[in-house]
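Asker: Next up is a structure, given as structure tokens.
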Amino acid sequence: MLSLYAKDSMVDFLVQKLDYKIRCALSPFAVAKEYKAHLDTLNRDGCVVFEEYFSPEQVDEFLEDIEAAKRRQDLTRVANGHIDTGISRVYDVAAVAPMTRKIFEDPMILSLIKGYCSSKCELLKTFYEEKREVGTSSQSNHHHFDDWRHRIKVWVYLTDVTENQAPTTITLGSHKNHLWRYWPEYNYFLHFRTDENNRYTEMTDYSGMFWPHEAATIRKLWKYKEKTITGKKGTMFIFDSRALHRSTVLKEGERKIVTGYYTYKGLGL
């Protein structure tokens, strides 16, 4: 019989989870007074939305720089960009389209993220994404969480997003350390594996995912509410992707976003 204290046991996971929580708690960040109401919302809901945070002119600058980057190289080869399941991405967008650094260096964004997680929270990755294939689905349309540790995401809509333009849906409050999380997180801990370059593998595709009836039961038992994030171009939201969330299928038009992932000391994928 496997020892409870063996590597990859439940106890091993719980010890690592506790160690992680302590490390974050021991590296706090003081958030400026003017941002504290937003931090309270992020702590309560796991998500905070800022409508039209970036002006139309700024968004146009982002898009112009991204389009210039795409012209310099084929889209599929821009710093690990890829195309699958109806989604086109350009990775390392902050490097190939430097105008977008205004997003990832924004003082309020950095303050909220560090105040929420730790002063040692760092930008892990950035990318640009566009959806243009109407009706194309992917596994991310299922409710899922991204990690048992913080993986805080900043999303900026570069186009207007209604319920027809594939908005992201987040289950508010589900980021909290409630009892239902322990077994799914342990399962994730056991199975989520990246390759030697910290990229996705077959072991990552469905880790942390839930069937629709499972997500519905969790919402009912814990009285969570779902929020669909729509907004004009320039709308920005920050969310803790430990919360249950899902993408949606594009019904008409297109959707363009820029996003960045922040984690404790750059851990994770």
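The values are calculated or read from the model by the stated rules, or taken from the named source; none is laboratory data. Please read these numbers as outputs of a predicted model, since none were measured by experiment. As a convention, Cβ positions derive from the backbone with ideal geometry for all residues, glycine included, and neighbour counts pool all protein chains shown.
Asker: Would you point out the residue of the stretch 222-239, among those that are loosely packed, with under 14 Cβ neighbours inside 10 Å and assigned to a strand (DSSP E or B), that is farthest from the chain's Cα centre (by Cα)?
Answerer: If we take residues in the stretch 222-239 being loosely packed, with under 14 Cβ neighbours inside 10 Å and assigned to a strand (DSSP E or B), then 225 is farthest from the chain's Cα centre (by Cα).
Asker: Determine whether residue 149 is under 30 Å from residue 36 (Cβ atoms), in contact with a Leu (Cβ under 7 Å, 6 or more places away or on another chain) and among the charged types (D, E, K, R).
Answerer: It is true that residue 149 is under 30 Å from residue 36 (Cβ atoms), in contact with a Leu (Cβ under 7 Å, 6 or more places away or on another chain) and among the charged types (D, E, K, R).
Asker: Another question about this same structure. Within the stretch 128-150, track down each residue that is buried (at least 22 other Cβ atoms within 10 Å of the Cβ) and in contact with a strand residue (DSSP E or B) (Cβ under 7 Å, 6 or more places away or on another chain).
Answerer: Listed by number, the residues that qualify are 128, 131, 143, 150.
Asker: Among the numbered criteria (1) in a loop (DSSP other than H, G, I, E, B); (2) more than 21 Å from residue 86 (Cα to Cα); (3) at pLDDT 95 or above; (4) touching a strand residue (DSSP E or B) at 6+ places or on another chain (Cβ under 7 Å), which single criterion is violated by residue 242?
Answerer: (4)
Asker: Being in a loop (DSSP other than H, G, I, E, B) and surrounded by fewer than 19 Cβ atoms within 10 Å (Cβ to Cβ) is true for just one of 219, 193. Which residue is that?
Answerer: Going through 219, 193 in turn, just one is in a loop (DSSP other than H, G, I, E, B) and surrounded by fewer than 19 Cβ atoms within 10 Å (Cβ to Cβ): 193.
Asker: Which residues, taken from the stretch 121-137, are touching an Asp or Glu at 6+ places or on another chain (Cβ under 8 Å), farther than 17 Å from residue 164 by Cβ and not basic (Lys, Arg)? Don't jump to the end; show me each part of the working.
Answerer: Applying the first criterion (touching an Asp or Glu at 6+ places or on another chain (Cβ under 8 Å)) to the stretch 121-137 yields 125-127, 130-132, 134.
Okay, now just the ones that are also farther than 17 Å from residue 164 by Cβ, so 125-127.
Of everything in the stretch 121-137, those that are touching an Asp or Glu at 6+ places or on another chain (Cβ under 8 Å), farther than 17 Å from residue 164 by Cβ and not basic (Lys, Arg) turn out to be 126, 127.
Yes/no per residue for (1) modelled with pLDDT of 95 or more; (2) part of a helix (DSSP H, G or I):
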position	(1), (2)
11	no, yes
18	yes, yes
23	yes, yes
27	yes, no
41	yes, yes
44	yes, yes
49	yes, no
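Asker: Ok, one more. From (1) in contact (Cβ under 8 Å) with a residue 12 or more places away in the chain; (2) not in a strand (DSSP E or B), pick out the condition that doesn't hold for residue 129.
Answerer: In the conditions (1) in contact (Cβ under 8 Å) with a residue 12 or more places away in the chain; (2) not in a strand (DSSP E or B), residue 129 misses (2) alone.
Asker: Could you figure out which of (1) in contact with a strand residue (DSSP E or B) (Cβ under 7 Å, 6 or more places away or on another chain); (2) aliphatic (A, V, I, L, M); (3) surrounded by fewer than 21 Cβ atoms within 10 Å (Cβ to Cβ); (4) under 30 Å from residue 96 (Cα atoms) isn't true of residue 209?
Answerer: Looking at each condition in turn, residue 209 falls short on (4).
Asker: Let me spell it out: the conditions are (1) surrounded by 19 or more Cβ atoms within 10 Å (Cβ to Cβ); (2) over 30 Å from residue 25 (Cβ atoms), and residue 88 meets all of them except one. Which number is the exception?
Answerer: Residue 88 satisfies every listed condition except (1).
Asker: If you check every pair at least six apart or on different chains, which have Cβ atoms under 9 Å apart with a residue in the stretch 99-121 that is within 16 Å of residue 264 (Cα to Cα) first and a residue that is assigned to a loop (DSSP other than H, G, I, E, B) and charged (D, E, K, R) second?
Answerer: These pairs meet every condition: 114/120; 118/265; 120/265; 121/265.
Asker: May I pose another question? Here are the criteria: (1) among the β-branched types (Val, Ile, Thr); (2) over 30 Å from residue 183 (Cα atoms); (3) part of a helix (DSSP H, G or I). Tell me which single one residue 136 does not satisfy.
Answerer: Condition (3) is where residue 136 drops out.
Asker: Given the structure, is residue 70 of a type outside the set (Val, Ile, Thr), modelled with pLDDT of 95 or more and not in a strand (DSSP E or B)?
Answerer: Values: of a type outside the set (Val, Ile, Thr): yes; modelled with pLDDT of 95 or more: no; not in a strand (DSSP E or B): yes.
For residue 70, the condition - of a type outside the set (Val, Ile, Thr), modelled with pLDDT of 95 or more and not in a strand (DSSP E or B) - is not met.
Asker: Hey, any hits in the stretch 229-240 for a residue that's basic (Lys, Arg), touching a residue at least 12 places away in the same chain (Cβ under 8 Å) and touching a Pro at 6+ places or on another chain (Cβ under 8 Å)?
Answerer: yes
Asker: Does any residue in the stretch 160-184 that is modelled with pLDDT of 95 or more and outside any strand (DSSP E or B) come within less than 6 Å, Cβ to Cβ, of a residue that is charged (D, E, K, R) and surrounded by 15 or more Cβ atoms within 10 Å (Cβ to Cβ) six or more places away or on a different chain, and which pairs are these?
Answerer: 160/233; 166/131; 166/255; 175/240; 175/242
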